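Worksheet for the structure shown next.
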Amino acid sequence: MANIVVMNKIDTADLDKINQLRENIHKLAPEAILIEAASPLTVDNPELIRGKRVLVVEDGPTLTHGEMKYGAGVVAAQKYGAKEIIDPRPYAIGTIKDTYTKYPGIGTLLPAMGYGKKQIQELEDTINATDCDIVIIGTPIDLSRIVKINKKSIRVKYELQEIGRPNLEEVLSQKIKDRG
């Protein structure tokens with residue numbers, strides 16, 4: 001089993017689920033060192049979100065294969081007072097439209113799917129066709145570097161913030177030291 005477990009996003013997860021996960025980790029890997037962490041969001045100019053109709057672009061694999069219901073973009077939209085999250089499905093084309101058929105649970109979020117030139121172009125066209133005030137980009141990469149967005153957009157960033165001790169660096173340093 002695992003020697004080290006990092007439990008992330010404890011700042012946004014339900015407390016009952018956090019406690020359940022702690023119990024499961026202890027049962028499955030009782031010797032494992034548990035490191036708890038948060039992933040606080042940062043948004044440049046968050047005031048641009050307040051009262052706006054927003055298109056939220058989330059990390060595609062998080063919504064599809066990961067079956068998450070939302071990501072960093074939705075958290076930012078809610079935290080900073082978006083008026084409405086606009087449904088991009090009526091504007092979706094090609095493989096982006098197919099993604100909604102295959103993964104209907106995605107709902108009103110736009111999964112950043114872009115595994116080739118055609119799909120990247122379809123993502124760009126879907127974003128640009130969607131009637132919204134601002135695009136919130138909740139993807140790990142800076143999407144504006146690969147697609148040309150014809151409206152104002154802002155990027156949500158997040159970074160691992162370990163809570164308590166030991167932290168990951170301390171644990172890994174000790175493991176390396178112990179191995180000589």
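Side notes on the structure shown:
- Only helices (runs of 4 or more DSSP H) whose full extent lies in the stretch 1-87 are considered here, and the ones with at least 1 residues that are modelled with pLDDT of 90 or more and farther than 27 Å from residue 176 by Cβ are 15-28, 72-79.
Conditions (1) among the charged types (D, E, K, R); (2) in contact with a helix residue (DSSP H, G or I) (Cβ under 8 Å, 6 or more places away or on another chain); (3) farther than 29 Å from residue 133 by Cα, marked per residue:
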{"site": "26", "(1), (2), (3)": "no, no, yes"}
{"site": "29", "(1), (2), (3)": "no, no, yes"}
{"site": "38", "(1), (2), (3)": "no, no, yes"}
{"site": "42", "(1), (2), (3)": "no, no, no"}
{"site": "58", "(1), (2), (3)": "yes, yes, no"}
{"site": "62", "(1), (2), (3)": "no, no, no"}
{"site": "67", "(1), (2), (3)": "yes, yes, no"}
{"site": "72", "(1), (2), (3)": "no, no, no"}
{"site": "76", "(1), (2), (3)": "no, yes, no"}
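- Here is the figure for the stretch 103-140: residues that are buried (at least 17 other Cβ atoms within 10 Å of the Cβ), touching a residue at least 60 places away in the same chain (Cβ under 8 Å) and in a loop (DSSP other than H, G, I, E, B) total 4.
- Residue match in the stretch 162-177 (condition: β-branched (Val, Ile, Thr), under 21 Å from the mean Cα position of the chain (by Cα) and under 20 Å from residue 53 (Cβ atoms)): no
- Complete set of residues in the stretch 71-98 that are of a type in the set (A, V, I, L, M), closer than 17 Å to residue 127 by Cα and crowded, with 18+ Cβ neighbours inside 10 Å: 74, 77, 85, 86, 92, 96
- Number of the condition not met by residue 171 [criteria: (1) surrounded by fewer than 14 Cβ atoms within 10 Å (Cβ to Cβ); (2) assigned to a helix (DSSP H, G or I)]: (1)
- Qualifying residue in the stretch 29-36 (condition: over 23 Å from residue 111 (Cβ atoms), assigned by TED's automatic domain parsing to the domain that holds residue 115 and not polar (S, T, N, Q)): no
- Single condition residue 35 does not satisfy, out of (1) over 13 Å from residue 138 (Cα atoms); (2) surrounded by fewer than 16 Cβ atoms within 10 Å (Cβ to Cβ); (3) not basic (Lys, Arg): (2)
- Pick from the stretch 147-161, criterion in a loop (DSSP other than H, G, I, E, B) and surrounded by 12 or more Cβ atoms within 10 Å (Cβ to Cβ), ranking: nearest to the chain's Cα centre (by Cα): 160
The values are calculated or read from the model by the stated rules, or taken from the named source; none is laboratory data. Just so we're clear, the structure is a prediction, and the values are computed from it rather than from any experiment. We place every Cβ from the backbone using ideal geometry, glycine too, and count neighbours over all the protein chains shown.
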